Amino acid sequence: VKDQPGDQFAFFTPQLRAQTLRESELEAQAKKALARGEFEVYVQGKVNIQQNCRIVGGECLARWIHPEKGLIPPDQFIPLFEHNGMITQLDRLMFEKACAWLHDYLEAGRPPINLAVNVSRLDLFQDDFLDWYTAVKRRYAIPDGLLELEFTESVMLKDDQIFLQIVEELRKRGFICSLDDFGSGYSSLNILKNLPIQVLKLDILFFRKSVDIARERIIIRNILTMAHELQMKTIAEGVETAEQVEFLKAAGCDIVQGYVYFKPMPLADFDQVLQAELDQ
Ligand code: C2E
Ligand code: CA
Ligand code: CA
Ligand code: CA
């Protein structure tokens, strides 16, 4: 998040100027898109690798369905949204759509499933953050323990104390709190020491650059052990091969989220995948 005062005094090279123009155009389009509901929830299944390799939940990921450009992935608009504050509107839209789907799903008598959304650091600065999420959860009558909020460690860079209280309060209100992209930043261990988080998400893609797979595995194995001793569940993300799954299973990782099982898909498709699994 670019919120350092110094960021406003960037040098205006011609290249940067062009980029700024493109961004303002994108921004105008994005505002309309939000109003028109051009953002869709895609879901990526999370698979329990320790028991039966069944889907235990899914992560909701935003997709912008542009009328002309088609599907726009988040890396092309999330940074802008985090810069101009639109991220909060998007995150709330995602959460509300997730709750609406989950409500209908449970209403149909289907087995409980866990659904996660991403929460940006900026969202926490809204005075009504806790109350809004709680009100929507209640409006759609979602039972405790099914909705998960994923935070990245950047939320902890400042205001640790506030974030700590927010997590405690969210847990009291029946939300599951998870720490996303663990290990990608630099304050990870400090966070774990202080934060009553329930789930640790480890992005295996961050390890891709490591030259020594044996060393990599020692580190991953020990992070998993540490998380379990701290009573956290563990999710490995970005898992692409069966070999990685084998290793993660042996290392005690609870859940795998990655292309090896599922790519993110529209909610309707996810619904079908769950139904097919149930019919098996
Ligand atoms: P993230 O929260 O870490 O989400 C995981 C990303 O990894 C997703 O990318 C997912 O498609 C991708 N991924 C999952 N498994 C694999 C795999 O096996 N291999 C590879 N190469 N990639 C995999 P996506 O959907 O493009 O989202 C990128 C990031 O954008 C997310 O990272 C998250 O930080 C952000 N984002 C997406 N939707 C939202 C949203 O609604 N709100 C907020 N605040 N951020 C969002
Ligand atoms: Ca996430
Ligand atoms: Ca992640
Ligand atoms: Ca990420």
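State the Kirkwood hydrodynamic radius of region 66-136 in Å, one decimal place, computed from all pairs of distinct Cα atoms. Show your work: numbers first, answer last.
Details: mean 1/r = 0.0718 Å⁻¹.
Taking every pair of different Cα atoms in region 66-136, averaging 1/r and inverting gives 13.9 Å.
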Item checked: Choice from TRP64, TRP101, TRP132 with maximal GNM fluctuation in the chain (Cα, 10 Å cutoff) -> TRP132
Notebook entry, point to check: Given H placed on each backbone N at 1.01 Å, which residues far from VAL56 in sequence or on other chains put an amide H within less than 5 Å of it?
Noted result: LYS46, VAL47, ASN48
Item checked: Per-peptide average of other Cβ atoms within 10 Å, ordering 28-39, 111-122, 138-149 highest first -> 111-122, 138-149, 28-39
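Among 72-84, 41-53, 213-225, how do they line up by average Cβ neighbours within 10 Å per residue, starting with the highest?
Working: 72-84: 16.2, 41-53: 18.5, 213-225: 14.5.
Output ranking for 72-84, 41-53, 213-225: 41-53, 72-84, 213-225.
Report, in listed order, any pair from LYS46/LYS69; LYS46/LYS233; LYS137/LYS249; LYS31/LYS69; LYS69/LYS201; LYS137/LYS193 with a Cα-Cα distance greater than 24 Å.
In this structure, LYS46/LYS69; LYS137/LYS249; LYS69/LYS201; LYS137/LYS193 lie more than 24 Å apart at Cα.
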Note to self: Within region 199-220, list the residues whose amide N lies under 15 Å from a label point set 7 Å along Cα→Cβ of ASP75.
What the structure shows: 204-209
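What FRET efficiency comes out for ARG54 versus GLU25 if R0 is 45 angstrom and r is the Cβ-Cβ distance? Round to the nearest 0.05.
Details: r = 45 Å, r/R0 = 0.99.
That pair, ARG54 with GLU25, gives E of 0.50.
If the viscosity is 0.890 mPa s and the temperature 25 °C, what translational diffusion coefficient in µm²/s does Stokes-Einstein give for the chain when Rh comes from Kirkwood over Cα pairs? Could you put the intermediate results ahead of the total?
Working: Rh = 20.1 Å.
Once the numbers are plugged in, D ends up at 122 µm²/s.
FRET efficiency for GLN272 and LEU205, Cβ-Cβ distance as r, R0 = 30 Å, nearest 0.05?
Details: r = 27 Å, r/R0 = 0.91.
Here the calculated transfer efficiency is 0.65.
Rounded to the nearest 20 Debye, what is the dipole magnitude of the chain about its Cα centre when Lys and Arg each give +1 and Asp and Glu each give -1 at the C-beta?
140 debye
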Next item on the list: Diagonalise the Cα gyration tensor of region 121-161 and give the resulting equivalent ellipsoid semi-axes, square root of 5 times each eigenvalue, largest first, whole Å.
Entry: 23, 13, 7
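Based on the alpha carbons, how large is the Rg to Rh ratio for region 124-251 when Rh follows Kirkwood?
1.01
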Next item on the list: Calculate the spin-label point distance for ILE213 paired with LEU124, positioning each point 7 Å from the Cα along the beta-carbon direction, and give it in nanometres.
Entry: 3.7 nm
Check: Alpha carbon centre of region 99-153 versus region 225-252: separation in Å?
Finding: 25 Å
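At 0.36 nm per residue, minus the direct Cα-Cα distance, what do LEU189 and ARG173 gain on full extension? Give it in nm, one decimal, please.
Working: separation 16, 0.36 × 16 = 5.76 nm, distance 2.60 nm.
Gain on extension, LEU189 to ARG173, equals 3.2 nm.
We did not get these values from a lab; they are worked out from the coordinates using the rules stated. All values derive from a computational prediction rather than experimental measurement. Positions of Cβ are generated from backbone atoms using ideal geometry, with glycine treated the same way; all protein chains shown enter the neighbour counts.
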